[in-house]
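Written below as structure tokens is the structure these notes are about.
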Amino acid sequence: MREQHATERHVPVLIVGGSLSGLSAALFLAVQGVECLLVEQRPSTSVHPRARLVTARSMELFRSAGIEEAVRKAGDPGPIGFVVADTLADEHYVPTGDHHDETLDISPTGMRLCDQQQLEPLVLGRARELGAQVSFGTRFEGLVQDPDGVTATLGTADGSASWTVRCDYLLAADGIRSPVREALGISRHGPGLLGRSVSAIFDADLEPVLRGRRAMAVIVRKAGAFLFARGNSEARMWQLGFPLHEGIDLSPEGLRERTQELVRVAADAPELEVTVHSAMAWESEALVADSFRSGRVFLVGDSAHAMPPTGGFGGNTGVQDGHNLAWKIAAVRAGTADEALLDTYDAERRPVADFTVQETLARIGQSSAQSRATVQLGYCYPSLLAGVRGKDGADEAAVEEGSVTENPHEPTGRPGTRAPHVALDHEGRRLSTLDLFGGGFVLLTGARGQAWRSAVDGAECEVEVRTVVGPGEHTAAQELVYTDVDGTFLSSYRIGPHGAVLVRPDGFIGWRTSQECSGAGERLGEAVRSLVGR
Ligand SMILES: Cc1cc2nc3c(=O)[nH]c(=O)nc-3n(C[C@H](O)[C@H](O)[C@H](O)COP(=O)(O)OP(=O)(O)OC[C@H]3O[C@@H](n4cnc5c(N)ncnc54)[C@H](O)[C@@H]3O)c2cc1C
């Protein structure tokens with residue numbers, strides 16, 4: 001008999017799916033002080049390594065949530081590039097693709113290699129520490145929504161009991177096959193299935209053929225396979241990735257034998273002892289949902305955008321989704337934003353997902369148009385401008401219409417772009433402009449931005465002011481003052497000494513004025529109101 005609980009519990013946000021995207025969304029909601037319950041059908045976080053590359057943007061977001069150092073420690077310092085060889089025993093490995101982290105001078109952190117099964121427990125631990133509730137072994141079974149909320153039916157993973165939970169918003173982080181997306185009938189667009197592959201974890205003594213050489217992955221031509229170095233130097237694991245051709249025996253025994261055979265071909269060592277720990281078959285797809293929102297339900301991560309692993313952007317895009325949405329839900333719940341703000345999630349994130357999928361496809365053909373730094377840090381939100389333009393007229397030169405990226409090495413400071421990293425000093429402590437964001441809206445001004453600082457008092461909106469002064473420059477500002485260590489603040493944000501930049505809680509520029517202007521308080525108030533959907 002199936003046990004049914006009649007009492008219905010209420011949570012502000014229910015997250016379905018406890019892998020990288022769901023856990024990150026829970027973390028960012030918890031950072032914003034929003035109570036949430038995450039349900040995951042599996043008994044624990046991921047056990048099989050999938051994502052390894054954590055982009056500089058994800059690292060920045062994890063830094064804002066207090067786990068940058070933990071991720072850095074758990075991860076692997078590199079190297080980050082791929083090499084090609086006929087077999088692992090070859091004299092020379094030929095580098096291919098990007099081998100450098102081009103984000104180190106434009107980010108306070110930089111990208112990192114950290115396997116998904118090592119990363120997820122760190123995200124989970126911090127989310128729980130900040131108050132998120134996470135329930136493993138709990139399955140989402142269905143939902144009904146009305147104008148006031150969503151009622152979700154949940155059950156134990158073994159099907160022995162079920163109950164309902166009422167929530168204001170539901171986040172579907174339930175992966176490529178997303179039962180929530182299917183239940184809502186949200187269609188997807190894109191090329192669809194690209195291929196089937198196997199990812200196998202094994203042990204073998206590869207040192208005699210590798211001879212101390214390290215790469216993030218070796219493309220081994222004779223085996224038609226990829227060898228990935230997983231884990232870190234203290235706990236190294238090997239992973240073999242190979243295409244799943246017609247006729248391959250998919251049973252555990254069949255996959256084990258195929259893996260052993262290919263590792264021996266790759267190592268050019270027919271007698272090599274190979275112990276296979278696990279083998280997972282997976283499908284590579286490129287599909288983006290036609291809408292990331294349906295009523296009070298939001299698609300997050302792979303449920304919204306499936307993409308091949310080329311470039312290592314899939315999981316990272318899911319991390320960014322949750323970050324984009326968390327502050328908006330917090331603001332709506334706090335009554336400082338209109339419900340309309342939640343529409344901007346789809347308007348902002350869907351074009352970025354479409355763009356990122358195109359980049360992963362281009363990388364399969366080795367014909368990518370954009371640098372890895374641009375995909376990581378240069379994505380922007382042109383739609384953000386629509387609400388601001390015409391209302392304040394302060395900055396017409398925002399992100400080009402239709403353009404989803406800009407080169408992060410040449411930041412423009414335009415509304416819709418990521419607020420650039422500038423090194424700061426505050427009372428002897430080194431930090432980044434990025435460390436100033438995350439709470440409410442922040443107005444950055446230069447030493448002579450007095451008019452804007454005064455304007456905040458008359459703006460009738462919650463804005464924190466931060467003043468950035470050049471080395472040796474002085475200001476009468478009462479507010480928190482930071483020293484622009486390298487003297488690049490004004491040029492990075494492209495404002496004059498009397499200008500100001502309004503930055504959203506997610507670190508994206510919402511509004512900018514390069515000079516002082518009349519009616520500053522009114523203009524600032526108008527800008528904030530338009531940025532929160534009012
Ligand atoms: C070989 C490989 C290498 C990759 N490398 C990278 C990389 O380097 N960088 C990168 O960014 N990405 C990479 N990716 C992609 C990355 O792994 C995925 O994008 C990421 O796992 C997506 O996370 P997610 O949480 O959105 O979805 P998933 O990881 O699919 O998680 C969805 C979760 O929802 C749960 N769920 C589903 N249905 C229910 C239900 N009814 N009730 C409760 N729970 C449910 C599932 O159990 C699952 O845990 C790689 C992928 C592969 C396969």
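The values are calculated or read from the model by the stated rules, or taken from the named source; none is laboratory data. Nothing here was measured: the structure is a model prediction, and the numbers come from that model. When we count neighbours, we look across all protein chains shown, and the Cβ atoms used for this are built from the backbone with ideal geometry, even at glycine. The protein model used for the area step is the full one, side chains on, heavy atoms only, and it has no ligands, DNA or RNA in it. Shrake-Rupley method; radii C 1.70, N 1.55, O 1.52, S 1.80 Å.
Mind checking the range 6-57 for GluC sites (Glu not before Pro) that DSSP puts in a loop (not H, G, I, E or B) and that have at most 16 other Cβ atoms within 10 Å? Could the numbers behind the result be given before it?
Details: sites: E8, E35, E40; in loops: E8, E35.
Those that pass, being in a loop and sparsely packed, are E8, E35.
Could you provide, to the nearest whole Å², the per residue accessible area of the chain with probe 1.4 Å?
Details: 21400 Å² over 534 residues.
Ligands and nucleic acids excluded, the result is 40 Å² per residue.
Could you tell me the center-to-center distance, by alpha carbons, between the range 71-101 and the range 170-238 in angstrom?
If we compute the Cα centre of each part, the gap is 15 Å.
Projected area of the chain, taken from the Cα convex hull and averaged over every viewing direction, in nm²?
Details: hull surface 105.5 nm².
Mean projected area for the chain: 26.4 nm², to one decimal.
Over the chain, what is the relative contact order in whole percent, taking alpha-carbon pairs under 8 Å and six or more residues apart? Before the final figure, lay out the partial values.
Values: 1214 pairs, mean separation 77.3, N = 534.
Result for the chain is 14 percent.
Just in the range 69-168: which GluC sites (Glu not before Pro) are loop by DSSP and have at most 11 other Cβ atoms within 10 Å? Let's see the in-between values first.
Numbers: sites: E69, E91, E102, E129, E141; in loops: E91, E102.
The qualifying sites are E91.
As a check on your grasp of the helix formula, calculate [θ] at 222 nm for the chain: sum -39500 (n - 2.57) over DSSP H runs of n ≥ 4, divide by the residue count, round to the nearest 500.
Details: 14 runs with 149 residues, N = 534.
Estimated from H runs of four or more residues: -8500 deg cm²/dmol.
Report the local net charge at A183: Lys and Arg +1, Asp and Glu -1, summed over other residues whose C-beta lies under 14 Å from its C-beta. Could the numbers behind the result be given before it?
Numbers: positive: R139, R177, R181, R296; negative: E141, D174, E182.
Net of charged neighbours comes to +1.
Could you give the size of the charge dipole of the chain about its Cα centre, using +1 on the Cβ of each K and R and -1 on the Cβ of each D and E, expressed in debye and rounded to the nearest 20?
Values: 51 positive and 71 negative charges, 36 e Å.
With only Lys, Arg, Asp and Glu charged at Cβ, the dipole is about 180 debye.
For the range 271-374, with the dipole built from +1 on Lys and Arg beta-carbon atoms and -1 on Asp and Glu ones, taken about the Cα centre, which of H277, G312, A347 lies farthest toward the positive end?
Ranked along the dipole, the leading option is A347.
Provide, as a two-decimal number, the C-alpha radius of gyration of the range 72-130 over 2.2 N^0.38 Å, N being how many residues it has.
1.54
With point charges of +1 on the Cβ of Lys and Arg and -1 on the Cβ of Asp and Glu, referenced to the Cα centre of the chain, which listed residue (Y493, H409, G365) lies farthest in the positive direction of the dipole?
It is Y493, whose Cα lies furthest towards the positive end.
Return one number: the angle in degrees, 0 to 90 and rounded to the nearest 10, between the long axis of the Cα atoms of helix 520-531 and the longest principal axis of the Cα atoms of the chain.
30
Would you be so kind as to identify which of A337, V481, L113 lies farthest towards the positive end of the dipole of the chain, taking Lys and Arg as +1 and Asp and Glu as -1 on Cβ and the Cα centre as origin?
A337
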